[in-house]
Amino acid sequence: MTHENLPLGILLFLLRFALLAPMPVGADPERPNVVILLTDDQGTLDAHCYGSTDLITPNIDKLAATGVRFTQAYAHTVCCPARAALLTGRHPQRGGVRDWTQGDMNGAKGINMALEEVTLAEVLKESGYRTALFGKWHLGAHRDFGPEKQGFDEFFGIRDGFIDNYNHFFLHGKGFHDLYEGTREVFARGQYFPELIMRRSLAFIEENRDRPFFLYLAFNIPHYPEQALAAHEKLYADREDPARRSYGAVVTTTDHYIGRVVDKLEELGLREKTIVIFMSDNGHSEETSNTIRIDGHSSGYPNGHFYGSSGAGNTGKWIGHKGTFLEGGIRVPAIISYPGKLPLGQVRDQIVTAMDWFPTVSELCGIEEKPDAPALDGHSLLPIIRSADTESSYGGVLHFAWRGGWAVRDGDWKLIGESAGNSIKPVLSLRSLAGEHPEAVDYAKEQPELVARLQELHEAWLREVTPH
């Protein structure tokens with residue numbers, strides 16, 4: 001029997017013993033552990049502690065009660081750039097993540113995040129941390145790139161963007177199988193993917209309880225297909241809105257797995273010395289028409305099989321969703337909880353971004369930036385965390401770009417540029433974040449001078465972040 005054909009349970013058992021290595025020289029057991037819990041397509045206000053009282057999220061709420069919750073946190077408009085920003089502390093354009101990255105490891109070579117980018121995993125690994133990514137990578141599937149090339153000792157999960165949770169196939173187009181241990185394909189049909197990565201995560205924490213570790217648990221839920229655990233579907237069975245019923249159940253399933261990680265840390269007495277960061281990668285999805293559209297799909301699903309989202313996210317007074325640069329597409333829930341060192345039950349309203357986790361974690365872990373390290377675009381959040389009166393380091397200015405679209409915010413004004421077919425000139429809209437109905441009105445025609453100034457601001461930024 002070849003290695004590839006061994007049952008997954010046996011492979012995980014063997015791997016567990018293979019990882020029991022002595023702590024490297026220089027590793028400081030007193031340094032805090034780091035756990036990043038990145039959820040997928042969890043909307044702007046989609047947790048009970050953010051005001052969505054119809055959602056059952058006791059574990060996310062517990063993180064908020066034992067940490068600092070941010071009300072103005074920004075990731076990005078879709079998955080790839082958000083993950084690049086989080087891992088590198090830099091605008092994704094700097095590493096070449098400007099469009100969808102390569103999906104199928106066995107397909108034609110496409111876009112992959114540049115290996116020259118230094119990830120948080122690389123920095124922590126060099127400082128003696130054991131590092132692992134379980135879940136979703138989505139920064140380029142090519143075997144010469146990927147997690148194990150950028151600082152992760154272990155990777156188990158999906159190299160592209162999403163899969164069916166039970167047969168592990170990417171479902172767009174013709175589809176392809178996407179479940180890997182590093183670059184080795186793994187077949188575990190019928191096993192629930194969030195449970196698979198949870199088992200790996202809990203084992204990783206147990207194995208490294210006596211040494212500093214970095215666990216990046218990149219969930220593929222509540223992203224479609226919305227396949228919640230049966231117990232959580234029952235909790236929402238009496239909800240009137242079928243869309244919110246489906247979405248709510250998978251949000252609660254996501255929360256359930258977050259709780260299992262925190263429970264393990266508490267069980268092992270590691271909670272006080274572990275930095276736990278929770279964030280979503282973008283706003284909720286409105287991709288409500290996704291179906292299998294061919295016969296003989298590689299997943300085995302029939303033509304017409306629905307796998308889209310319910311489109312039921314909560315953005316409150318904000319408008320927009322995943323794939324837009326409106327607040328509902330880029331503003332996300334975010335929490336940091338480190339009971340041993342940081343405040344408990346606090347709320348901060350300042351602007352923060354996914355790029356800020358890199359410098360924040362580095363500072364908390366006592367890791368000094370090397371003189372030749374790439375310049376970070378993010379900022380340490382410790383001054384804001386320690387004082388609600390500290391101003392955001394961004395000064396109200398934010399930049400986003402993805403494919404042919406972009407946005408620049410300056411204070412309460414946001415200019416959005418969207419590609420217009422074959423036209424060279426983008427379609428511009430000017431939105432205000434102030435008032436009871438933010439971003440609902442386009443002021444571009446009324447304020448041409450402001451439009452011109454913000455467009456110049458964007459173009460200067462784009463020249464700066466685009467590799468030459």
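Annotations
- Boolean, Gly140 is crowded, with 19+ Cβ neighbours inside 10 Å and on the phi > 0 side of the Ramachandran plot: yes
- Qualifying helices (runs of 4 or more DSSP H) (wholly inside the stretch 1-89; at least 2 residues being farther than 27 Å from Asn208 by Cβ and at pLDDT 95 or above): 79-88
- Output for the stretch 183-224, where each listed residue is surrounded by fewer than 22 Cβ atoms within 10 Å (Cβ to Cβ) and under 16 Å from Phe278 (Cα atoms): Met198
- Residue list for the stretch 430-460, restricted to those being in a helix (DSSP H, G or I) and touching a helix residue (DSSP H, G or I) at 6+ places or on another chain (Cβ under 9 Å): none
- For the stretch 207-223, a tally of residues being closer than 19 Å to Ile56 by Cα and in a loop (DSSP other than H, G, I, E, B) returns 1.
- Any hit, the stretch 281-300, residues being closer than 30 Å to Arg130 by Cα, in the same structural domain as Tyr166 (by TED's automatic domain parsing) and within 26 Å of the chain's Cα centre (by Cα): yes
- Any hit, the stretch 143-150, residues being at pLDDT 95 or above, in a strand (DSSP E or B) and within 20 Å of Ala82 (Cβ to Cβ): no
- Residue check for Ala218: small (Gly, Ala, Ser), under 14 Å from Leu37 (Cβ atoms) and touching a residue at least 12 places away in the same chain (Cβ under 8 Å): yes
The values are calculated or read from the model by the stated rules, or taken from the named source; none is laboratory data. Treat the numbers as computed from the prediction; the structure is a model and nothing was measured. All Cβ positions, glycine included, derive from the backbone under ideal geometry; neighbour counts span all protein chains shown.
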